[in-house]
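First up is the structure itself, then whatever we jot down about it.
The values are calculated or read from the model by the stated rules, or taken from the named source; none is laboratory data. Since we're looking at a predicted model, the values are computed, not measured. Positions of Cβ are generated from backbone atoms using ideal geometry, with glycine treated the same way; all protein chains shown enter the neighbour counts.
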Amino acid sequence: MRIGIFGGTFNPIHFGHLRMAEEVRETCALDRILFMPTATPPHKKLAGDVPFAQRLAMVREAIAGNPTFAVTDLEGRREGKSFSVHTLEILHREEPGIEPFFIMGMDSFCDIETWREYRRLFSLAHLVVLRRPGVEAPPADNPLPVAMQGEFCYDHAAVAYRHVSGYKVFFLCETYLDISSTQIRQLIACERSARYLLPPVVEAYIDRHGLYRAGKGSSERAR
Ligand code: ATP
């Protein structure tokens, strides 16, 4: 089973996330995409103090009706910070035989050397990296972490870098959507419309629960 693993804070989930998941599913011929909201992100402060349960609920509402999308609460069930390397190990244990494709935007990939045991990530899953507006891509002929370059060769047939483990790193140029959760939170805090940036069911959830309004724990301001 070829499964896309899509981790994120999803604070809130938006059309940028959903479209990239759909395109990766199609381009990489995946059976399923598993959205994995992070409980305690190790790399950034969680804006607005929106609890894991509410971010999970928004993802659930956003993907309802798509039989190829699923969500897991795996990271919410674990103690401490959500390190991807540990999550992938758990997945291999719980679902032996899966072929995982770990999906991320270019901003996350550019930070990967700061991730816990990042070198082991490349031995646990394929990586699928998507361009993101406003984020400069690493040089096309040399995009991998410097400390690991001897561990890869370019696979022309697969259009990917192959790691010694056999897993590959794919760089995809799919639809370029300049949408971020930060922008949505800022709009809502300023009582402005976030319509057409995220699914209406998620917008309704945010409204019902009064999330991201000014004074709800977020110090973000609109640009
Ligand atoms: P925030 O604005 O709060 O930092 P975000 O919009 O980056 O949030 P996350 O949930 O942190 O959303 O993102 C999860 C993953 O999806 C990350 O790897 C991120 O790079 C990627 N991602 C999010 N939005 C886009 C987008 N519009 N284009 C490409 N990648 C994206």
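Data overview
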quantity	calculated
Condition met for Arg116 (part of a loop (DSSP other than H, G, I, E, B), closer than 23 Å to Ser82 by Cα and of a type in the set (D, E, K, R))	yes
Tally, over segment 122-137, of residues that are over 16 Å from Tyr176 (Cβ atoms) and either in contact with a Leu (Cβ under 7 Å, 6 or more places away or on another chain) or within 13 Å of the ligand (Cβ to nearest atom) (or both)	3
Residue, modelled with the highest pLDDT, within segment 43-53, restricted to residues that are at negative phi and within 12 Å of the ligand (Cβ to nearest atom)	Val50
Residues being within 25 Å of Glu99 (Cβ to Cβ) and either small (Gly, Ala, Ser) or free of Cβ contacts under 8 Å to residues at least 24 places away in the same chain (or both) - total across segment 110-151	4
Search result, residues across segment 18-32 that are within 12 Å of the ligand (Cβ to nearest atom), more than 21 Å from Ile188 (Cβ to Cβ) and out of contact with any Leu (no Cβ under 8 Å at 6 or more places or on another chain)	Ala21
So Ala140, is it more than 16 Å from the ligand (Cβ to nearest atom) and surrounded by fewer than 17 Cβ atoms within 10 Å (Cβ to Cβ)	yes
Search result, residues across segment 68-88 that are acidic (Asp, Glu) and within 26 Å of Thr27 (Cβ to Cβ)	Glu75
Residues being within 13 Å of the ligand (Cβ to nearest atom), in a helix (DSSP H, G or I), crowded, with 17+ Cβ neighbours inside 10 Å and among the hydroxyl-bearing types (Ser, Thr, Tyr) - total across segment 174-205	1
When residues of segment 83-112 are limited to those that are among the charged types (D, E, K, R) and more than 15 Å from the ligand (Cβ to nearest atom), the one farthest from Glu22 (Cα to Cα)	Arg93
Among residues of segment 128-173, those that are among the hydroxyl-bearing types (Ser, Thr, Tyr) and assigned to a strand (DSSP E or B), counted	2
Of all residues making up segment 31-79, the number that are in a helix (DSSP H, G or I) and either within 15 Å of the chain's Cα centre (by Cα) or closer than 17 Å to Pro12 by Cα (or both)	18
